[in-house]
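Report on the structure given below.
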Amino acid sequence: MNTVSDYLKNGVIDIAPLLSLVLGKSNTELYAQNDYALDNNQQQQLSNFIQQREQGVPFAYLSGKKGFYHLDFKVTKDTLIPRPETELLIDIILDLLNKNQKYQVLDLGTGSGVIAVTLADINPRWKVSATDFSQAALNVAKINATTNINFTQGSWFDAVTDQTFDLIVSNPPYIEEDDVYLKDLTYEPRTALVSGEDGLDDIRIIINNAPKYLNKGGYLLLEHGYNQQQQITKLLNKAFHNIKTFKDYNGNDRAVLAQIK
Ligand SMILES: C[S@@+](CC[C@H](N)C(=O)[O-])C[C@H]1O[C@@H](n2cnc3c(N)ncnc32)[C@H](O)[C@@H]1O
């Protein structure tokens with residue numbers, strides 16, 4: 001077995017994208033040139049990728065990239081693989097803020113940089129800052145940046161000095177520490193996923209500290225787990241008002257936006 005057609009017939013998980021990756025061909029080219037015979041190096045590389053994929057390594061870690069909104073992002077084992085659900089945060093922000101006005105925006109826990117980089121790329125007038133406590137993740141985010149972003153390292157607001165912002169956005173870790181779903185996510189950094197017994201440890205820190213870092217009338221936007229919206233709304237009630245909740249494109253509760261009182 002060594003032609004593209006032979007491999008495509010064998011039913012291995014993600015075989016077409018894996019072939020595209022090894023051969024540097026688009027999906028259309030693969031099918032149009034399906035009698036192409038792979039040389040020894042290509043066969044070896046492909047079987048290595050197939051083996052890793054079968055062991056559960058996500059495709060994005062093999063290709064080293066993942067599409068998000070209108071850009072492609074480098075991802076490594078030090079970064080979460082960006083999820084389509086997180087694109088909802090971008091849509092909410094673009095509906096909320098005026099593209100032509102100047103805003104100070106902070107992305108907490110930026111990972112590969114998807115939120116900060118996408119916003120800064122669409123809105124060159126906005127001043128975007130991004131933090132993470134993982135220096136390795138920040139190094140990847142810096143490579144992904146298409147415009148000037150102020151990257152700083154530290155735990156949540158420790159990474160921010162005396163600045164204040166019109167919008168603070170975060171997709172923090174929010175999975176409960178004994179969630180059964182974690183067994184399917186063993187290749188991504190646990191510190192990007194898990195947040196204490198109820199999954200809310202980091203969200204509590206962000207909600208409690210955000211008021212000090214928000215300008216008058218400023219907003220906090222958080223992504224969260226499908227079953228956390230009620231508890232988060234309660235946590236927000238003291239210092240925030242105009243609380244709006246959002247569902248993701250699968251119909252699950254996924255984000256909360258709130259304005260400082
Ligand atoms: C769910 S990931 C989100 C990454 C990226 N924003 C995205 O949406 O794909 C959470 C991120 O928060 C970072 N993080 C976890 N604990 C943190 C902390 N105490 N302070 C700052 N960042 C933290 C992780 O390193 C990770 O990059």
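Computed from the coordinates by the stated procedures, all read-outs in this text should not be read as laboratory data. The structure displayed is predicted, hence computed values, not measured ones. Glycine also receives a Cβ, built like all others from the backbone with ideal geometry; neighbour counts cover every protein chain displayed.
Numerical summary
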| quantity | calculated |
| --- | --- |
| Gain in span if fully extended, Glu197 to Asn100, counting 0.36 nm per residue against the direct Cα distance | 30.7 nm |
| Stokes-Einstein translational diffusion, the chain - Kirkwood Rh over all Cα pairs, 1.002 mPa s, 20 °C, in µm²/s | 108 µm²/s |
| Euclidean distance of C-alpha centroids, the stretch 25-76 and the stretch 147-174, integer Å | 34 Å |
| Distant-in-sequence amide H partners of Phe73 (H built 1.01 Å from N, under 5 Å) | Lys66, Gly67, Phe68 |
| Positive-end residue of Asn209, Phe246, Gly199, charge dipole of the stretch 198-261 with Cβ unit charges | Asn209 |
| Shape call, the stretch 32-80: gyration tensor on alpha carbons, a/c limit 1.5 | oblate |
| Length gained when the stretch Lys142-Thr161 is fully extended (0.36 nm per residue, less Cα-Cα span) | 4.9 nm |
| Max mean-square fluctuation residue, GNM over the chain, Cα-Cα springs under 10 Å, options Glu197, Glu29, Glu85 | Glu29 |
| Length added when fully stretched, Gln51-Asn10, from 0.36 nm per residue minus Cα-Cα | 13.4 nm |
| Estimated inter-spin distance, Thr28 and Asn208, nm [label 7 Å along Cα→Cβ] | 5.5 nm |
| Rounded FRET efficiency, nearest 0.05, which uses the C-beta distance separating Gln259 from Asn227 and R0 of 25 Å | 0.55 |
| Net charge of neighbours whose Cβ lies under 9 Å from the Cβ of Ser170, counting Lys and Arg as +1 and Asp and Glu as -1 | -3 |
| Estimated dipole of the stretch 4-55 in Debye, rounded to 20 [Cβ of Lys and Arg +1, of Asp and Glu -1, Cα centre] | 80 debye |
| Gyration tensor verdict on the stretch 148-243 (Cα atoms; rounded if a/c is under 1.5, prolate if a/b is larger than b/c, oblate otherwise) | oblate |
| Net charge dipole size for the stretch 66-260 [Lys, Arg +1 and Asp, Glu -1 on Cβ; Debye, nearest 20] | 760 debye |
